[in-house]
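Comments concern the structure below.
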Amino acid sequence: GMNETQRVLEIAGMPWHEFVGSSFVMFWVILGIVLAVAAVLMGCRPFEIQRLEASMWDWERGYLDIGAKVAMKTMQQRFVPIPDNVRALLKGREFRTITDDQVHLSRLLRDKGIISSWPQDVMRHSYISYRLAQGHGRGQVAEWAGNSESEIRRSYRRPLRREDGDAWFAIGLRS
């Protein structure tokens, strides 16, 4: 839910050495946080997240380029806008892709005590619902998510207010 998501994103916004300790690096925790940000605020599918590379993030033009080989479910390239809070949380951070299909993000975050439990696909569902709440059209959100409008209508839409959507995409921004 929102509270656990805020915790993940608050951790992502910290200098990571504060969270993981200055004497060692807990690679999996850092990786889990980066991947959680990508899932929660960019709507990536779990297998897409595992294949993200730094070169896919176009910080200058403000989008994430999810190529056809990464978007294996649809095999179609898409460009997802990078929200301001993602820019604040990840720009300039070093991270790398992980290609192990056995790594499950929510399990990783649970094992490290960052979250207690999240329903299946809650991060992607949240991204879609909050983007729709912001007033973006179903067709545009479907394009960003790599889905059809009918699939979003059928499986992902949860009614939220515009202020809910705006608050979601402000998580992690410092005032």
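Filtering region 55-91 to residues that are farther than 20 Å from ILE171 by Cβ, hydrophobic (A, V, I, L, M, F, W, C), modelled with pLDDT of 80 or more and open to solvent by 20 Å² or more (accessible area, probe 1.4 Å) leaves MET56, ALA68, MET75, PHE79. Is it the case that region 105-124 has a residue that's under 22 Å from ILE49 (Cβ atoms), among the small types (Gly, Ala, Ser), open to solvent by 50 Å² or more (accessible area, probe 1.4 Å) and modelled with pLDDT of 80 or more? No: region 105-124 contains no residue that is under 22 Å from ILE49 (Cβ atoms), among the small types (Gly, Ala, Ser), open to solvent by 50 Å² or more (accessible area, probe 1.4 Å) and modelled with pLDDT of 80 or more. Selection within region 165-175: residues that are modelled with pLDDT of 85 or more and open to solvent by 40 Å² or more (accessible area, probe 1.4 Å). The member of this set that is nearest to ASP84 (Cα to Cα) is ALA170.
The values are calculated or read from the model by the stated rules, or taken from the named source; none is laboratory data. Predicted model, so just to flag it, every value in this text is computed and none were measured. Because the Cβ atoms are built from the backbone with ideal geometry, glycine has one as well, and the counts that use them run over all protein chains shown. We work out accessible area using only protein heavy atoms, side chains counted, and drop any ligands, DNA or RNA first. Shrake-Rupley method; radii C 1.70, N 1.55, O 1.52, S 1.80 Å.
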